[in-house]
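Novice: Structure incoming, see below.
The values are calculated or read from the model by the stated rules, or taken from the named source; none is laboratory data. Bear in mind the structure is a predicted one, so any value in this text is a computation, not a measurement. We place every Cβ from the backbone using ideal geometry, glycine too, and count neighbours over all the protein chains shown.
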Amino acid sequence: MATYFGRLMAVLGGIVVLSAGATESLPLDAPLPDSVPPGTVLRVGSSTDLSLKLAGVADNLPFKLEVANITGGPGTINAFHAKALDIGTSQDIPAINAAWIGIDAKIVAIRLRQNEASTLYRFGIAPKAHIDSLADLRGKRIAYSPGQAQGALVLRTLAKYGIQKGEVDLVELPSTGRAYTDALAANLVDAAPIAGINVKRYEENYGKDGARILQVAGIKDDPSILWVRAETLKDPAKAAAIKAYVRAWARAQYWIDTHRDQWIDAYYVQDQGVSLEDARYILNSQGSADIPLTWNDAIAHEQQTIDFMARETGHKSFDAATLFDRRFETVAGAAYAQTP
Amino acid sequence: MTEDPPQTAVKAGPSAPTHRRLSLKRGRAYGWVLGPVLLLAFWSLGASLGWIDSRILPAPWVAVTTGVRLIAEGRLLPNALVSAQRAGTGLCCGILAGLGLALYSGLTRTGGYLIDGLVQIKRSIPIFALMPFFMLWFGIGETMKATVIAVAVFYPVYIHTHNALRSIDLRYVELAETLRLSYAQFLRHIVLPGALPGFLLGLRFAIVGAWLSVIVVEQTNATRGIGYMVNLAINYAQTDVMLVGLVLYAALGVASDCSVRLLQGRLLSWQRTLAG
């Protein structure tokens, strides 16, 4: 028994030593390596790799790209927990929320929109809510999702109109699929932030019953990001591959912006089965990409967001710079700008 | 196996003037369609007269026209095939595991002590709650999907088979002992016919369970399948496509249930029951 136990421990010890020595760890402040060792696989959360293919950058990737159809905050955080995803795609709020729930992850690319005059989200107003302006939100039931961009928008809107959180009824409801438009249509909530095709469909379907859409002015709600767990960035092979992916992603963004009709047809109409009219609406609401070459503004904006969200949700504020891996600062921006 | 209860029942009634049947009348071949047909008629009528708000529930013919369009666009069938493959893989694994463990746990004391308690505990954990853990253990690929479906299939197969095994009438076991049947003969003549009705009932639950869990797993990292198609439709607010998905699920569920019932009819032709 003693020898058996001894052997078992020896074997286990050997495994620990081997696995520790298997990959050398790359410090998070070391320069990014450029060469991607053969056999490197990158699993990216994205709804499609079609833009990479159409932009002609899919074939030249120095790693094997596996696209997992997981995007948005809740799905990405879940997949990060499961270590099932190398790169996540979502808006900025989930990254802040992830920091609060103990996931160490870094932003490696950020995409803003060129036309910032209108927010991505609008407030859908339920048919029977009798809300004519956002100042009327006081005393109403508002759909609220704490860890998502939609939740942050609700809090910011309330703050903008000087409404205390206690003065409204925040109905906790994650914004997935049609949850918000359905809740609005059934008058289960009085107001809810909705975006994209949901805005159009909701107005079409329920406008005649009294439903309406209210714009939120002056609130920036659009940063979308690529982000990576810090642990993944410590793997030199993955880090180099991520750099290559960010570059390809930015080129694909440029391709979409310069080939909008082609993109609408190939992706929305052919691949996703959306009508041409709806597809145009969706792409218009997303606007053209603004991929900044420096992150100073973005970090300042995230700091504001963090401070605001910390105050509103009772979390501890932290330094926004820790959310960003600045080694990637110029990678996406340069690739976007340089594309011929 | 049957004793003729109707006649004893009649005799028991002291003042029964006429010979009254307590068993059901002979059933019609497709009697079960009555309910669904009535519902469909109500739905059609409601939709055409405008009682049913098309934003809440589109008319039944919308499912047909959209379905035809999706088939023509080559979206429906490939997706259905992928889902069927997923359901099939999970179903096979789940049935094998459920049947195997039910036999072990039903026919031996050790097996019962080892397995049955675990199964009962796990049974009360909903599959939705397990999904995040399954992602941790099995990743986000096809292995995870097959495992989720297999687990959903396992329980009904296990529970009904095990239940049938353990409720085999002791008289038959004693009969087998009296006739000095070998263990193999005992399995063949007593256990198999005794457990078969339970297994087939479990199978009916299992097949529907397989389809239900396909919907669940196709919410996570799927780029093909009916669940994915419906998910896309939800994202793009296409109520008509969602309805097609719904009808398709119902059709697939009914079709697979019918095939198990057909199998039941064949394999259990010796049974004489109230259903007739």
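Novice: Output yes when any residue across the range A:221-231 is buried (at least 19 other Cβ atoms within 10 Å of the Cβ), within 14 Å of chain B (Cβ to nearest Cβ), in contact with a helix residue (DSSP H, G or I) (Cβ under 9 Å, 6 or more places away or on another chain) and under 22 Å from A:G124 (Cβ atoms), and no when none is.
Specialist: Within the range A:221-231, not a single residue is buried (at least 19 other Cβ atoms within 10 Å of the Cβ), within 14 Å of chain B (Cβ to nearest Cβ), in contact with a helix residue (DSSP H, G or I) (Cβ under 9 Å, 6 or more places away or on another chain) and under 22 Å from A:G124 (Cβ atoms).
Novice: Shifting gears a bit: For B:V214, work out the one condition from (1) within 17 Å of the chain's Cα centre (by Cα); (2) under 30 Å from B:L22 (Cβ atoms) it doesn't fulfil.
Specialist: Here B:V214 meets the rest and fails (2).
Novice: A further question on this structure: Find all pairs meeting these conditions: Cβ atoms under 7 angstrom apart; at least six residues apart or on different chains; first residue within the range A:167-185 and under 20 Å from A:A135 (Cβ atoms) and at the interface with chain B (Cβ under 9 Å from one of its Cβ atoms); second residue in a loop (DSSP other than H, G, I, E, B) and polar (S, T, N, Q).
Specialist: Listed by first residue and then by second, the contacts come to nothing, as the list is empty.
Novice: So, A:K234, is that one under 22 Å from A:G88 (Cα atoms), among the basic types (K, R), crowded, with 18+ Cβ neighbours inside 10 Å and in the same structural domain as A:A82 (by TED's automatic domain parsing) or not?
Specialist: When the stated conditions are applied, A:K234 does not pass them.
Novice: The conditions are (1) farther than 22 Å from B:L212 by Cβ; (2) surrounded by 19 or more Cβ atoms within 10 Å (Cβ to Cβ); (3) of a type in the set (S, T, N, Q), and B:T65 fails exactly one of them. Which is it?
Specialist: Failing condition for B:T65: (2).
Novice: What pairs come up if the first residue lies in the range A:200-213 and is within 11 Å of chain B (Cβ to nearest Cβ) and over 15 Å from A:D136 (Cβ atoms), the second is outside any helix (DSSP H, G or I) and at pLDDT below 90, and their beta carbons are under 6 Å apart, counting only those six or more places apart or on different chains?
Specialist: Cβ pairs passing all conditions: A:R201/B:A237; A:N205/B:R55.
Novice: Quick test for you: out of B:L246, B:L181, B:L200, pick the one residue that is modelled with pLDDT under 90 and not aromatic (F, W, Y).
Specialist: Checking each option against the conditions leaves just B:L246.
Novice: Would you mind finding the one in A:K53, A:K83 that is free of Cβ contacts under 8 Å to residues at least 12 places away in the same chain and assigned by TED's automatic domain parsing to the domain that holds A:W100?
Specialist: Residue meeting the stated conditions: A:K53.
Novice: How many of the residues in the range B:54-100 are in contact (Cβ under 8 Å) with a residue 12 or more places away in the chain, within 14 Å of chain A (Cβ to nearest Cβ) and assigned to a helix (DSSP H, G or I)?
Specialist: 7
Conditions (1) under 20 Å from A:E302 (Cα atoms); (2) of a type in the set (F, W, Y), marked per residue:
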| residue | (1), (2) |
| --- | --- |
| A:P74 | yes, no |
| A:F80 | no, yes |
| A:N97 | yes, no |
| A:I101 | yes, no |
| A:D104 | yes, no |
| A:L112 | yes, no |
| A:R122 | no, no |
| A:S145 | yes, no |
| A:A149 | yes, no |
